[in-house]
1. Give me the Debye-computed log₁₀ of I(q)/I(0) at q = 0.13, 0.14, 0.21 Å⁻¹ for segment 227-352, equal point scatterers on Cα only, no solvent, two decimals.
2. Using all C-alpha to C-alpha distances in segment 291-380, build P(r) with 5 Å bins and read off the rounded percent in each one.
3. Over the Cα atoms of segment 328-400, what Rg and Dmax result, in angstrom?
4. Over segment 23-127, one equal point on each Cα, no solvent: what is log10 I(q)/I(0) by the Debye formula at q = 0.10, 0.23 Å⁻¹?
5. Quick one: plug the Kirkwood hydrodynamic radius of segment 150-198 (C-alpha pairs) into Stokes-Einstein at 20 °C, 1.002 mPa s, and report D in µm²/s.
6. Which ³J(HN,Hα) values in Hz, rounded to whole numbers, follow from the phi angles of segment 307-320 under the Karplus curve 6.51 cos²θ - 1.76 cosθ + 1.60, where θ = phi - 60° and Gly and Pro get x?
7. Specify the angular offset, from 0 to 90 degrees and rounded to the nearest 10, of the alpha carbon long axis of helix 188-210 from the longest principal axis of the alpha carbons in the chain.
8. What ranking do M284, M58, M1 get, fewest neighbouring Cβ atoms within 10 angstrom at the top?
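Only the coordinates and a few stated rules stand behind these numbers; no lab work does. Worth saying up front: this structure is predicted, and the values here are computed from it rather than measured. FYI the Cβ positions are ideal-geometry reconstructions off the backbone, even for glycines, and counts take in every protein chain you see.
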Amino acid sequence: MHVSVLGREYPRDSQTNITSAIIHKLDRRLHLQPSHPLGILRNLIESHYPTFSAFSDMSPVVTPARNFDDLSFPLDHPGRSVTDSYYINKDYLLRTHTSAHEVETFSKGHREWLLTADVYRRDEIDASHYPAFHQVEGARLFHDNPNGIKEIEEDNARLSAHLASSNIIIEDIPHISASNPVQPSHDPVKAELVARNLKLSLNSLILHLFGGRASANEEEPLKVRWIEAYFPFTSPSYEVEVFFHGKWLEILGCGVVLQSTLDRANVPNSIGWAFGLGLERIAMILYSIPDIRLFWSKDSRFLEQFIPGTISTFKPFSKHPPCYKDVSFWVPSTGLHENDFCDLVRDTAGDSVEDVKLIDSFTHPKTNRTSHCYRVNYRSMDRSLTNDEANAFHERVISRLKEDFGVEIR
Ligand code: DAH
């Protein structure tokens with residue numbers, strides 16, 4: 001019993017949960033296509049950091065050591081579980097974030113770099129969640145000596161001057177606080193300079209990407225806010241949200257790199273920052289792309305709309321009718337995670353599923369059994385599904401629920 005992933009055979013074990021729908025995504029490499037919105041955005045970001053080395057060709061198959069241990073994830077972190085991540089077997093999984101390559105990249109001696117890649121997470125199904133998406137990781141290290149400090153101060157002055165003259169409103173928070181502390185091994189003054197450099201650098205990238213685009217009225221300033229965050233591999237840590245069409249949208253996470261990460265990479269006497277941003281999130285905002293499945297479309301009506309080097313507004317093609325099908329079942333005593341159900345639907349219906357919602361859940365007072373009712377919306381983006389096709393998908397979902405999970409349908 002083996003599973004074949006990118007030309008290599010791996011033995012299956014009790015942790016194997018990767019599906020063939022996911023395996024078929026692994027060689028798409030959307031971020032490397034120059035006319036694809038994700039490729040265009042990658043180029044735009046790389047052009048904003050001309051002195052940084054740029055990597056975009058790392059295999060998505062990583063070890064738990066790279067994805068979690070290198071980054072000090074606690075052993076009980078939910079990200080490690082089979083409900084959240086795609087495991088090939090207990091020794092290999094699909095990277096869940098580009099941070100999986102931090103130690104590797106630092107240890108090769110790179111001190112200023114960007115790394116773009118496809119990442120994989122088991123998740124719910126709707127217009128903004130897809131089990132495969134793309135991130136750009138960025139990092140910069142400074143020498144922890146007077147020259148390094150001078151370099152940060154000069155860069156901070158340059159970036160502040162640039163941002164002062166721009167049409168951008170930034171809601172900031174203290175770089176360091178009791179709930180977002182400096183690392184014990186860091187000099188607070190230096191850590192503060194690094195955190196400030198991180199924020200200035202990202203504000204300048206955000207201005208480069210969104211400047212004049214985030215609102216209907218181009219005169220209206222861009223609004224960005226910084227919030228405190230927690231990541232196992234940074235301190236202090238932050239998230240950035242952009243105000244878009246009346247809502248705050250999270251676009252990235254970042255922070256001052258944990259010294260233990262740099263120690264693992266054998267980088268001495270250095271201090272620095274890292275960030276990881278979600279490309280689809282940003283591309284959906286910039287291009288007005290309404291459904292995350294579109295990025296994976298092979299339809300020329302999608303692909304032919306984009307021009308390298310240019311951000312243009314996506315012109316939607318006609319929406320086909322939705323086809324709702326419900327399924328109610330008794331949850332087996334071993335449980336059935338929502339991500340398991342969603343993965344089964346994805347593996348059966350592929351991109352013909354638009355949305356899955358839990359619409360009812362109750363526990364029988366006498367038997368104590370729990371019943372779930374899910375509503376699945378089958379809708380293809382490029383053609384009209386017949387009711388027969390949707391029924392065939394749904395019947396297959398129901399029979400797999402019974403076969404794979406021993407579920408009793410109601
Ligand atoms: N890897 C994080 C995620 O996927 C994002 C992130 C946070 C990346 C902080 C970083 C960082 O490099 O420093 O949610």
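1. Taken in order of the listed q values, log10 I(q)/I(0) reads -0.90, -0.97, -1.16.
2. For segment 291-380, the binned pair fractions read 3, 11, 18, 18, 12, 11, 9, 7, 5, 3, 2, 1, 0 percent.
3. Rg then Dmax for segment 328-400, in Å: 13.7, 47.
4. -0.32, -1.29
5. 176
6. Working through the residues one at a time gives 10, x, x, 10, 9, 10, 7, 5, 9, x, 9, 4, 8, 8 Hz.
7. The angle comes out near 60 degrees.
8. Going from sparsest to densest Cβ surroundings: M1, M58, M284.
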